[in-house]
1. Kindly work out what percent of the DSSP beta bridges joining two residues of segment A:6-260 are antiparallel, to the nearest 5.
2. Under the rule of -39500 (n - 2.57) per DSSP H run of 4 or more residues, summed and divided by the residues of chain A, what mean residue ellipticity at 222 nm is obtained, to the nearest 500 deg cm²/dmol?
3. For chain A, just the Cα set please: Rg and Dmax, both in angstrom.
4. State, as an integer percentage, the relative contact order of chain A based on alpha-carbon contacts under 8 Å between residues 6 or more apart.
5. Between segment B:118-149 and segment B:150-186, how many Å separate their Cα centres?
6. Could you let me know the centre-to-centre spacing of segment B:97-116 and segment B:55-74, using Cα atoms, in angstrom?
7. Which value in nm describes the separation of the simple spin-label points at B:Leu30 and B:Tyr55, placed 7 Å from the Cα toward the beta carbon?
8. Describe numerically, in nm with one decimal, the distance between label points set 7 Å from Cα along Cα→Cβ at A:Lys135 and at A:Ser152.
Amino acid sequence: MSGLAPRDATEASLLAAAHGVPKIRMRGVKKAFAGKVVLDGVDLDVPAQSSMVILGGSGSGKSVTIKSILGLVQPDEGVIEIDGVNVLTLPRRDREALGDRIGMLFQNGALFDSLPVWENVCFKLLAQNRITRAKARDRAAEVLAQVGLAASVGDLSPSELSGGMQKRVALARAIAAKPDIIFFDEPTTGLDPIMGAVIDGLIVDCVKKLGATAVSITHDMASARRIGDAAAMIFKGKIVWEGPAATLGHSGNAMVDQFANGEREGPIQMELRR
Amino acid sequence: MDLVLNPLAAVGRGVLGACRTVGNAALFALEAVSHLFRPPFYGRLFLKAFFEIAYFSLPVVALTAVFTGMVLVLQSYTGFARFNATGAVANLVVLSITRELGPVLAGLMVAGRISASFAAEIGTMRVTDQIDALTTLSTNPMKYLVAPRLLAGALAMPLLVLVADVLGVMGGWLIATLKLGFVSATYLKATFDFLQFDDVFSGLVKASVFGFIVALMGTWCGYNSKGGAQGVGGATTTAVVTSSILILALDYVLTEMFFAQ
């Protein structure tokens, strides 16, 4: 097997799971931008079909961690494995093929303004000619229904949607191609608490229905407890704690508990920038 | 000693920076062009960009060409009258329009419209994570966003310049016959007798190069924009200024190539 081409993916995934290999494994991942160290040796295991939440303050390296796994950022050092295959050493074509198995919900939705909602939802399927445009409309309606939106929303432009609806459409786009790994970048940011809970519920439902592995980054502790099986905290570019998401706030780790409870005093020194 | 070396160091840094920028833009263009020969091909995006350049730029290019032709006749008539050479006005107009003014002025007009539009659209996509989203949706952004626009720029501009050539000459003819008393048939005969295929062809080649440059600068500046609205605004300005300067500079190079002998 040269890599993780789609036809090999299920086989590789089953094989890896059978051998107890984590779905995602990061070891010693380092990344610096213009001399500023952002990731300083990240080690993280994400078991298959689990939901991992990565916590951390602004600038702690959460987004870069996810972007490194997605291939949007090339780490300076380290190993990132998916189903036991080091994706950093994969040829470009295999690396691109890996994208077929991955879904991503961006913080601001990142919906394409120039396309109607239904084309946004089925973008990947259309781009890869896996579906005709006529069938894509039906598939979009089906996926939009999964996230609680009417089929008529498909004809709207993203700019005509509210923030909550945009998140739902972005979620629909992330799951439309039935990925087996889904990333969520601050899925509830900018939403009111009720809409945040709705989006969390949809995330949990969709991930379970697909049998996917989920990795989320969030500042929202309520959201983290709702969507995560496990949680990890990143601080100054390193994973400093891992544990069950349910224990956030009373984990016994002073740093994690300070962050989860939003306490001003504690081991985390907040740097106030002018 | 530092007083001497510091300015030199600044010049050196500037030159190195310029070389790096030119190199990056060239690599960007090469990668985008390479995608034109490898599937998948995004025909709809090409047609959309082609339509945007060729159709929506038509009014501004047409107006520019007509007025340029009109002014050119007035100016050349005034000058040539001093040497009793007003008979050469038609020749000068057709030569100037087809060889130089048509492609250059159309290029500058399209640079203002299209470079800015491409830079703003792609820049906004960059700062709102839409380009990263393309990558996660198994779509190469260079192939999807850049390659179709470059092809559209290179193919649409010659059409616009062809229209500009015709309208520029007609603008001149209008003033020559209505205001300056030229006989219509004589003026047109002088125009067509003097016109050579090479003149039009060199203008169209220039147009194609300028169209490519306009699209390249727009997409490149947008693709590399950083920050928020300010970054996109900066990218848009840079795209227009750079493409305009490159059009003027390349105009000289291409003219040298075509007409040096």
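1. Working: 21 of 38 bridges.
About 55 percent, rounded to the nearest 5.
2. Values: 10 runs with 100 residues, N = 274.
Dividing the helical sum by the residues of chain A leaves -10500 deg cm²/dmol.
3. 18.7, 58
4. Working: 519 pairs, mean separation 61.0, N = 274.
Relative CO of chain A lands at 22 percent.
5. First find each Cα centre; the distance between them is then 37 Å.
6. So the two Cα centres are separated by 10 Å.
7. So the two model labels end up 3.7 nm from each other.
8. 2.8
Laboratory data are not the source of any read-out in this text; all were calculated from the coordinates shown. This one's a predicted model, so the numbers in the text were calculated from it and none came from an experiment. A quick note on method: Cβ atoms are made from the backbone with ideal geometry, for glycine too, and the neighbour counts reach across all protein chains shown.
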